[in-house]
1. Could you state the angle between the C-alpha long axis of helix 89-98 and the longest principal axis of the C-alpha atoms of the chain, as a value from 0 to 90 degrees rounded to the nearest 10?
2. Can you list residues from other chains, or at least 5 along the same chain, whose modelled amide H is less than 5 Å from the amide H of residue 124?
3. Quick one: angle between helix 132-141 and the longest Cα principal axis of the chain, in degrees between 0 and 90, rounded to 10, please.
4. Just to verify a number: FRET efficiency for residue 169 and residue 65, C-beta to C-beta distance, R0 = 30 Å, to 0.05?
5. May I ask you to compute the full-extension gain from residue 50 to residue 74, defined as 0.36 nm times their residue separation minus their alpha-carbon distance, rounded to one decimal in nm?
6. Please work out the Cα center distance from the stretch 1-68 to the stretch 175-214, rounded to the nearest Å.
7. Per 0.36 nm of contour for each residue apart, how much would the distance between residue 25 and residue 97 grow if the chain were fully extended, relative to their Cα-Cα spacing?
8. What list of ³J(HN,Hα) couplings, whole Hz, do you get for the stretch 177-193 from phi and the Karplus terms 6.51, -1.76, 1.60, once you set θ to phi - 60° and write x for glycine and proline?
Amino acid sequence: MTAIVDARPRAAGPPDPGVVAEVAAVLRAGRVVVLPTDTVYGLAASPTVAGATDRVFAAKGRTAEVPLAVLCSAPDQALALADPAAVSDRVRRLARRLWPGPLTLVLPRRPDLAYALGEPATTVGVRCPDHPLLRAVAAAVGPIATTSANHHGEPTPEGAAEVAALFGDEVALVVDGGRCAGAPSTVVDATGPTLTPLRLGPLSLAEVERAAAP
């Protein structure tokens, strides 16, 4: 039976270090964890462990043609995964003004980054979430490969118990962060001269473009 860890916020303050350590240990072991985010519950694995992201794709029930995003502890950690030549002033403005928050930026991938995130292997979708627990886990274990905690094409359950029931033994740990009823993040392709929306979520394209402006 999948373990459920209670991490529902009870007061302002840093995340429980015991929960952070437990999640980090499971991720380092190459297992899949369900984590609360600032948008929806997500399936998470460490992209530095061989075969870990394959388990995410299998649990999700989708092929690698739809890539996984990467959640990071801070803008510097996220932008370090991109090709340095692609980290323009525009990209840095977006990171500074909209992170932490519900924006995923698709950027050219650093040439030596060997994460198995799906196709295309030349880009990486990165985000710094507005969720202290997630950022603390990413600070402890490194960037986290994620996707919404649902079966491909189906709704994402809003509660931890429902997610645990949906995936069963396909996940090693479910972290209960309370109800997660937000919309998935806005995804913007920033690989070219213009910002191209791939998925609209909490942020509109107009809001992203305003944040990118000098």
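1. 40 degrees
2. It is 107, 109, by chain and number.
3. Tilt of helix 132-141: around 90 degrees.
4. After rounding to 0.05, the efficiency reads 0.70.
5. 6.2 nm
6. 21 Å
7. Details: separation 72, 0.36 × 72 = 25.92 nm, distance 3.21 nm.
That works out to 22.7 nm of additional length.
8. x, x, 5, 10, 10, x, 8, x, 4, 5, 10, 10, 7, 10, 7, x, x
No value in this document is a laboratory result; all are computed from the given coordinates. Please read all numbers here as calculations on a predicted model, not as lab measurements. Counting neighbours? That spans all protein chains shown, and the Cβs are built from the backbone with ideal geometry, glycine included.
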